[in-house]
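One structure is given here, and the rest of the page talks about it.
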Amino acid sequence: MTTPQNAILDGQDSRFFYFLEYQLLGSTSEQQIIKTLKSIGHAQGVYQLVAFGPDLAQRLLPETEALAFAPMKTLAGPDYQMPDTQSDLFFWLHGANNSDLYDQVLTIQNSMSGLAKLTQDQAGFTYHDNKDLIGFEDGTANPKEDARIPVALIQDDAANKDGAIVFAQKWRHKLEQFLSLPVAAQEKIVGRTKVENIELEGNDMPDDSHVSRTDVKLDGEAMKIYRRSAPYGNATEKGLMFLCFACSQKRIQIQLERMVGCTGDGLSDHLMKYSDAVSGSYFYAPSQTQLDKLLG
């Protein structure tokens with residue numbers, strides 16, 4: 001029997017988040033990585049996810065080759081693009097106490113020093129009632145309770161069962177531009193009402209709204225994903241750390257391609273006019289069972 005890493009589905013009351021990505025130095029061996037991960041351990045009160053980029057996943061967990069998941073590649077449409085900043089190792093931490101969270105961030109960074117270069121270092125937080133900084137609720141379409149499992153976690157591969165394909169992407173909002181628009185215009189861009197959080201219908205729903213571009217079926221199958229994103233910001237920079245989990249990479253990839261406008265239908269996501277993607281990496285989060293076996 002396998003179990004997933006609990007950070008994926010648990011900790012719904014977390015208020016603070018941290019995103020760390022690392023690029024391994026060329027001389028780093030598998031044994032050094034395993035030894036370092038064992039030394040990091042877990043901190044009381046902190047949910048911690050460990051995930052590996054495609055190349056590192058196959059080095060540490062050869063069974064992941066069957067998943068056929070690939071590194072992020074730059075996506076470019078007529079007007080927008082999403083860059084490739086593929087990293088090797090991803091830590092995602094969340095919890096209710098920011099001090100405990102930060103202590104564990106320092107533990108990870110001190111442990112990784114000398115083995116890898118830090119390429120993503122971003123804190124996030126819960127904004128009002130799980131809203132993005134643009135004022136719309138984030139993750140509305142997420143499946144609930146047990147329905148999350150077949151969406152977020154691999155179920156049809158015994159060797160990788162309860163693992164997950166992970167996508168992490170940093171977005172930098174042009175917040176002032178977006179908020180200067182009338183609310184009705186904002187709602188057309190997102191595809192939902194701002195206050196009631198109700199999806200637009202019929203002629204009221206533009207084909208280039210965010211909802212229209214990300215709510216997609218492929219060969220009759222809904223490409224559902226499970227989101228755990230978090231806003232970030234200071235006085236001058238504001239944005240969203242987008243994070244999602246899926247049972248297959250194609251569920252994520254098709255949404256990204258439709259957003260950027262490289263699916264051949266002449267449409268892209270209007271929301272990208274007001275937010276720039278500045279990073280993007282795919283990872284594999286092994287089940288807790290796989291991770292424990294790897295670390296011995």
By a straight-distance test (C-alpha under 23 Å), which lysines pair with residue 35 as possible cross-link partners, with residues fewer than eight away in the same chain excluded? 117, 293
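Using a 10 Å cut-off around each Cβ, can you sort 262, 247 from fewest to most neighbouring Cβ atoms?
Taking fewest neighbouring Cβ atoms as first place, the list is 262, 247.
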Vicinal HN-Hα couplings computed from phi for the range 148-164 (Karplus, 6.51 cos²θ - 1.76 cosθ + 1.60; Hz; Gly/Pro x): 5, 4, x, 7, 8, 10, 5, 10, 9, 10, 4, 5, 10, 4, 6, x, 8
So, relative contact order of the chain in percent, Cα under 8 Å, 6 or more apart, is 29
Residues with amide H under 5 Å from that of residue 192, placed H, sequence gap 5 or more: 200
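Would you work out the Kirkwood radius for the range 190-233? I mean one over the mean of 1/r across all pairs of different Cα atoms, in Å. List each step's numbers first, then the result.
Values: mean 1/r = 0.0814 Å⁻¹.
Result for the range 190-233 stands at 12.3 Å.
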In degrees, nearest 10, the alpha-carbon axis of helix 30-40 is tilted away from the dominant principal axis of the alpha carbons of the chain by 80
Considering Cα pairs under 8 angstrom that are at least six residues apart, work out the relative contact order of the range 44-191 and quote it in whole percent. 19
Taking amide hydrogens as modeled 1.01 Å from N in the peptide plane, which residues meet the under 5 Å criterion relative to residue 275, leaving out close sequence neighbours? 174
Percentage of Cα-Cα pair distances in the chain greater than 37 Å, rounded to whole percent? 12
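For residue 237 and residue 121 in one chain, what is 0.36 nm times their gap in residues minus the Cα-Cα distance, to one decimal in nm? Numbers along the way, then the final one.
Details: separation 116, 0.36 × 116 = 41.76 nm, distance 1.43 nm.
Here the segment from residue 237 to residue 121 would lengthen by 40.3 nm.
Please report the relative contact order for the range 1-76, taking Cα pairs under 8 Å with a sequence separation of at least 6, and give it as a percent rounded to a whole number. Each step should come with its number before you reach the end.
Values: 20 pairs, mean separation 26.9, N = 76.
Normalised by residue count, the contact order of the range 1-76 is 35 percent.
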Report the convex hull volume per residue for the range 67-152, counting only C-alpha atoms, in Å³. 193
Normalised alpha carbon radius of gyration of the range 1-140 [divisor 2.2 N^0.38 Å]: 1.15
For the range 67-226, place one equal point scatterer on every Cα, skip the solvent, and apply the Debye formula. What is log10 of I(q)/I(0) at q = 0.10, 0.12, 0.13 Å⁻¹? -0.53, -0.78, -0.92
So what J values fall out for the range 282-294 if you push phi through Karplus, 6.51 cos²θ - 1.76 cosθ + 1.60 with θ = phi - 60°, rounded to Hz, Gly and Pro as x? 9, 9, 10, 9, x, 4, 4, 5, 4, 5, 4, 5, 4
Distant alpha-carbon pairs in the range 7-89 (separation over 15 angstrom), percent: 70
Farthest toward positive dipole pole in the range 16-295 [+1 Lys/Arg, -1 Asp/Glu at C-beta], among 277, 259, 48: 48
Would you compute, from DSSP H runs of 4+ residues alone, the mean residue ellipticity of the chain at 222 nm, taking -39500 (n - 2.57) per run and dividing by the full residue count, rounded to the nearest 500? -7000 deg cm²/dmol
Per residue, how big is the convex hull of the range 45-88 when only Cα atoms are used? Give it in Å³. 109
Please enumerate, by chain and number, the lysines with C-alpha under 23 Å from the C-alpha of residue 250, excluding those fewer than 8 residues away in the same chain. 73, 144, 161, 170, 217, 224
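No lab work stands behind these numbers, since they all come straight from the coordinates. Everything quoted here is computed from the prediction, not taken from an experiment. Virtual Cβ from ideal backbone geometry, glycine too; neighbours counted across all protein chains shown.
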